[in-house]
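J.: Okay, handing you the structure first.
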Amino acid sequence: MDQHKRIWIKMALFAPRPTLVLFCTVFGVFVLVFAMSSTITNDRDLNELQQLQANWRSVPSRVVGSPDPPLPYRVKQTFPELSLTKPIIVTNEPMSKRLWFIDDDPKTNQSRLCRTKEEPATGEYNVLHNFEEALAYSIAFHPAFNENGYFFIASNGPISSEDKIKHTRVTRYTIDQTSSQQLVPNSQLVIIEWKSNGHDGAAIAFGLDGMLYITSGDGTSDSDTNLKGQGLDHLLAKVLRIDVDHPNAKKPYSVPEDNPFVDIQGARTETWAYGFRNPWRMSIDPKTGHLWVGNNGQDLWEQIYLVERGANYGWSVYEGGHIFYANRRLGPTMVSKPLIDHPHSEARSITGGVVYYGDKYLDLYGAYIYGDYSTGRIWGVKVRDGNIIWHKELADSALAIVGFAVNNNGELLVVDYRGKGKGGFYTLVPNESPDSSQNFPRRLSHTGLFASVKDHQLAPGMIPYSVNAPLWSDGAYKKRYIYLPPVPDKGKIQQPTQISMTDRGGWSFPDKTVLVKSFGFEFKKGNIRARRWIETRLMTRQQGEWRGYSYAWNKEQTDAYLVSKEGRDQSFKLDSAEEHLQTWRYPSRSECMVCHSRAANFVLGLSTLQMNKQHNYGGLQANQLESLHYLGVLHIAWSSEAKSVLGALLKKNVLNHDKLKSHIIEI
């Protein structure tokens, strides 16, 4: 431990019991290392782990780059000085460089509306409004904003502290266009609202016709349990179209006479189109007036719609272009199919985008650019007469994409929804990475990670590990290993790059790390000799991003071959008490990243809670945390946070500053 920071707390004689409990909880790993280091004492124990320690240099990993040619673009942060917490939307103020955005107040975690200075790159912004209990989703400027100061916010939340039933509402605000540039007090005017408790939609945009378009979801959180998708007698699961400039006597808006359902008995006349599950982001093409909607699917599909007047998009009888609940009643009009249907092997949570008319990238001119929250992938599509003439994947990122916009020059902005000041805005830039796809190993025997693939014998220096709570995988048995890339120190001696160990969540790993997990079945239940490997998965971190690849084993058990990026299903006949056919999913590369998400820091089993256990190192039982520390690959990265928590507790127990410092000493 002498190469790491240690924290000694001299409090045994005075600390109350809760403080000692916190010490054991927060500093459990330190105590563990101190207490257990004595277990590796005799020659046999040392040799067991020394053999692994000595051989890490010999792992000739060839898992570098990607098996796929580089995509034409990558993402780059536009305003790194803007430190934001869970930004959810950004838009450009008309006739200005200023950006308006909604993010979370880092102190209260409540939605707030902010506006940058004229130069967003400075990172300076003002908070215009706090929404308290409401979750704000989107912003739209009135077409005459520069004259009347009107802008609109779509949000969801309780009506009041007394009425906790959630409503989605569109509210008009007014900003003072004089030098104060602040909201006009008490200018809020609720334009329209409806009950919604999940799948809220709440995207808003003005069309070229001056009408306000509004999306709504089905108002539930699963499978349209309230059966609203096909109904016309309510405001849910719709795109609405209203006139906010000509209110009628009863409402602060009117319904345009050319709305498609104004003559349908019992229909909500605000309806422009219906049959949506959860439309997440809507935009209007500023040149053609096309209305684009990205729609979150349910079980298998994600949709992009080029919305037509009066169209029925089928939910929840259909999920996109596919039957979902055939026994549910359809609405009064025929079902229209989506323009694009992404299977969940490609996308899991579609985020609608914008049409690009910037000057930087001629190949993207006129393309609708959209993405996926779960996988970080970005696509572009061009249409002519309602038909696709060009559709291409543009970038693959690690972003949590929740929105798209353009700046005052028409250049793209991508909203990354991350917390703790890590969220922000990105754009596309050309990807100049060389094409190394031909060098990526297509066979497990070519990875350099195995000494003998047919014997499933890993190369010396591959670090085995196990977890406290393994995921269920249809009864498959598993083996897990870590490859850590060495780096030369000043003396050109190869040293292991260290894992950053955290107190919660997944650990952080260096570039070129490879995590190996193999899956197998007993093809005759209870017969170990009948075990066969069926898949080996590699998770590797390349150029700061994690990627997953699957290799399918051949029948001869001599090698495994890289599965295509789309993934596939395969059936195996297992002999058991009742012979059955086992269907196995080799995941697509996008499916890998749905579970290995940024919320888990991309690694699942490699966390302190999962790794704090005994492991069998070739006959030696040793704690994994102790063993990784012994190998010199574990860096404890949370001492400052732990000290802060402990210091606050000691201070709460009425310790003055000098006494506090004397009891928390860093050496």
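The values are calculated or read from the model by the stated rules, or taken from the named source; none is laboratory data. None of the values given here were measured: they were computed from a predicted structure. Because the Cβ atoms are built from the backbone with ideal geometry, glycine has one as well, and the counts that use them run over all protein chains shown. These area figures cover heavy atoms from the full protein model, side chains too; ligands, DNA and RNA do not enter into them. Shrake-Rupley method; radii C 1.70, N 1.55, O 1.52, S 1.80 Å.
J.: Taking region 305-325, which residues are in a strand (DSSP E or B) and farther than 20 Å from LEU240 by Cβ?
T.: If the condition is that a residue be in a strand (DSSP E or B) and farther than 20 Å from LEU240 by Cβ, then TYR318, GLU319, HIS322, ILE323 are the ones that fit.
J.: Within region 238-250, work out how many residues are of a type in the set (D, E, K, R) and either at pLDDT below 95 or open to solvent by 80 Å² or more (accessible area, probe 1.4 Å) (or both).
T.: Here the count works out to 1.
J.: Here's something else I'd like to know. Quick one: would you say ARG172 is open to solvent by 30 Å² or more (accessible area, probe 1.4 Å), of a type in the set (D, E, K, R) and assigned to a strand (DSSP E or B)?
T.: yes
J.: Residue by residue through region 618-631, note down the ones that are closer than 11 Å to LEU52 by Cβ and either open to solvent by 20 Å² or more (accessible area, probe 1.4 Å) or not small (Gly, Ala, Ser) (or both).
T.: Hits for region 618-631 are GLY618, LEU620, LEU628, TYR630, LEU631.
J.: Would you confirm whether any residue within region 327-335 is open to solvent by 40 Å² or more (accessible area, probe 1.4 Å), touching a residue at least 40 places away in the same chain (Cβ under 8 Å), aliphatic (A, V, I, L, M) and at negative phi? Spell out how you get there, then give the answer.
T.: Going through region 327-335, the residues open to solvent by 40 Å² or more (accessible area, probe 1.4 Å) turn out to be 327-330, 332-335.
Checking the rest, the ones that are also touching a residue at least 40 places away in the same chain (Cβ under 8 Å) come to 328-330, 332, 335.
Filter again for aliphatic (A, V, I, L, M), leaving 330, 335.
Next, only the ones that are at negative phi stay: 330, 335.
Within region 327-335, one or more residues are open to solvent by 40 Å² or more (accessible area, probe 1.4 Å), touching a residue at least 40 places away in the same chain (Cβ under 8 Å), aliphatic (A, V, I, L, M) and at negative phi.
J.: Collect the residues in region 519-573 that are among the hydroxyl-bearing types (Ser, Thr, Tyr) and in a loop (DSSP other than H, G, I, E, B), keeping them in residue-number order.
T.: Across region 519-573, the qualifying residues are THR558, SER564.
J.: Also, quick follow-up: So if I check each of GLY448, GLY506, GLY520, which one is at pLDDT below 95, open to solvent by less than 20 Å² (accessible area, probe 1.4 Å) and within 25 Å of PRO67 (Cα to Cα)?
T.: Criteria check complete, one pass: GLY520.
J.: I've got another one for you. Exactly one condition in (1) without any contact (Cβ under 8 Å) to a residue 24 or more places away in the chain; (2) assigned to a strand (DSSP E or B); (3) within 17 Å of PHE519 (Cβ to Cβ) is false for TRP472; which is it?
T.: Tallying (1) without any contact (Cβ under 8 Å) to a residue 24 or more places away in the chain; (2) assigned to a strand (DSSP E or B); (3) within 17 Å of PHE519 (Cβ to Cβ), TRP472 fails exactly one: (2).
J.: Here is a further query. Would you mind stating whether GLU270 is more than 29 Å from VAL415 (Cα to Cα), touching a residue at least 12 places away in the same chain (Cβ under 8 Å), buried (at least 22 other Cβ atoms within 10 Å of the Cβ) and among the charged types (D, E, K, R)?
T.: yes
J.: State whether one or more residues within region 326-339 are under 35 Å from the mean Cα position of the chain (by Cα) and outside any loop (DSSP other than H, G, I, E, B).
T.: yes
J.: While we're looking at this one, here's another question. With (1) of a type in the set (Val, Ile, Thr); (2) in a loop (DSSP other than H, G, I, E, B); (3) under 17 Å from ARG268 (Cα atoms) as the list, and ILE214 as the residue in question, which single condition is left unmet?
T.: All conditions pass for ILE214, except number (2).
J.: If I go through region 56-104 residue by residue, how many of them are touching a Gly at 6+ places or on another chain (Cβ under 7 Å), assigned to a loop (DSSP other than H, G, I, E, B) and among the hydroxyl-bearing types (Ser, Thr, Tyr)?
T.: Here the count works out to 3.
J.: Quickly run through region 553-578 and pick out the residues that are within 22 Å of PRO69 (Cβ to Cβ), among the small types (Gly, Ala, Ser) and open to solvent by less than 20 Å² (accessible area, probe 1.4 Å). Give the steps one after another, and end with the answer.
T.: First pass over region 553-578, keeping only residues within 22 Å of PRO69 (Cβ to Cβ): 561-568.
Filter again for among the small types (Gly, Ala, Ser), leaving 564, 567.
Answer for region 553-578, where residues must be within 22 Å of PRO69 (Cβ to Cβ), among the small types (Gly, Ala, Ser) and open to solvent by less than 20 Å² (accessible area, probe 1.4 Å): just GLY567.
J.: So, of the residues in region 168-193 that are touching an Asp or Glu at 6+ places or on another chain (Cβ under 9 Å) and touching a residue at least 24 places away in the same chain (Cβ under 8 Å), which turns out to be farthest from LEU236 (Cα to Cα)?
T.: GLN177
J.: Out of the residues in region 481-503 that are touching a Pro at 6+ places or on another chain (Cβ under 7 Å) and not in a loop (DSSP other than H, G, I, E, B), state the one that is modelled with the highest pLDDT.
T.: Checking each candidate, the answer is TYR481.
J.: Looking at region 341-354, which of the residues that are of a type in the set (A, V, I, L, M) and in contact with a Phe, Trp or Tyr (Cβ under 8 Å, 6 or more places away or on another chain) is surrounded by the most Cβ atoms within 10 Å (Cβ to Cβ)?
T.: ILE350
J.: Assigned to a strand (DSSP E or B) and modelled with pLDDT under 95 - does that describe any residue in region 436-443?
T.: Let us first name the residues in region 436-443 that are assigned to a strand (DSSP E or B), namely 443.
Next, only the ones that are modelled with pLDDT under 95 stay: none.
Within region 436-443, none of the residues are assigned to a strand (DSSP E or B) and modelled with pLDDT under 95.
J.: One residue is enough: does region 179-190 have a residue meeting the conditions hydroxyl-bearing (Ser, Thr, Tyr), over 17 Å from ASN130 (Cβ atoms), open to solvent by 40 Å² or more (accessible area, probe 1.4 Å) and part of a loop (DSSP other than H, G, I, E, B)?
T.: Within region 179-190 (the criterion being hydroxyl-bearing (Ser, Thr, Tyr), over 17 Å from ASN130 (Cβ atoms), open to solvent by 40 Å² or more (accessible area, probe 1.4 Å) and part of a loop (DSSP other than H, G, I, E, B)), the answer is yes, since at least one residue qualifies.
J.: Shifting gears a bit: Taking into account only those residues within region 588-614 that are modelled with pLDDT of 90 or more and buried (at least 19 other Cβ atoms within 10 Å of the Cβ), which is farthest from TYR417 (Cα to Cα)?
T.: Among those that are modelled with pLDDT of 90 or more and buried (at least 19 other Cβ atoms within 10 Å of the Cβ), it is MET611.
J.: Same structure, new question: Regarding region 283-301, can at least one residue be identified that is without any contact (Cβ under 8 Å) to a residue 40 or more places away in the chain, of a type in the set (Val, Ile, Thr) and not in a loop (DSSP other than H, G, I, E, B)?
T.: No.
J.: Would you mind stating whether GLY201 is more than 26 Å from VAL354 (Cβ to Cβ) and open to solvent by less than 10 Å² (accessible area, probe 1.4 Å)?
T.: For GLY201, the condition - more than 26 Å from VAL354 (Cβ to Cβ) and open to solvent by less than 10 Å² (accessible area, probe 1.4 Å) - is not met.
J.: Right, something else. Counting just the residues of region 114-145 that are open to solvent by less than 30 Å² (accessible area, probe 1.4 Å) and within 23 Å of the chain's Cα centre (by Cα), which one comes out farthest from LYS420 (Cα to Cα)?
T.: Filtering first and then ranking leaves ILE139.
Conditions (1) in a loop (DSSP other than H, G, I, E, B); (2) buried (at least 16 other Cβ atoms within 10 Å of the Cβ), marked per residue:
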| site | (1), (2) |
| --- | --- |
| LEU394 | no, yes |
| VAL402 | no, yes |
| ALA405 | no, yes |
| GLY410 | yes, yes |
| VAL414 | no, yes |
| GLY421 | yes, no |
| GLY424 | no, yes |
| PRO434 | yes, no |
| ASP455 | yes, no |
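J.: Ok, one more. Check LEU444 against each of (1) closer than 22 Å to ASN554 by Cα; (2) in contact with a His (Cβ under 9 Å, 6 or more places away or on another chain) and name the one condition it does not meet.
T.: Of everything listed in (1) closer than 22 Å to ASN554 by Cα; (2) in contact with a His (Cβ under 9 Å, 6 or more places away or on another chain), LEU444 misses just condition (2).
J.: Return the only residue of TYR356, TYR361 being touching a Leu at 6+ places or on another chain (Cβ under 6 Å) and of a type in the set (Phe, Trp, Tyr).
T.: TYR356
J.: Could you list all residues from region 378-392 that are part of a strand (DSSP E or B) and open to solvent by 30 Å² or more (accessible area, probe 1.4 Å)?
T.: Looking only at region 378-392, we keep the residues that are part of a strand (DSSP E or B), and these are 378-384, 387-392.
Across region 378-392, the qualifying residues are LYS382, VAL383, ARG384, ASN387, ILE388, ILE389, TRP390, HIS391, LYS392.
J.: Which condition does PRO106 not pass, out of (1) in contact with a Ser or Thr (Cβ under 6 Å, 6 or more places away or on another chain); (2) under 26 Å from PRO286 (Cα atoms), if it passes all the others?
T.: (2)
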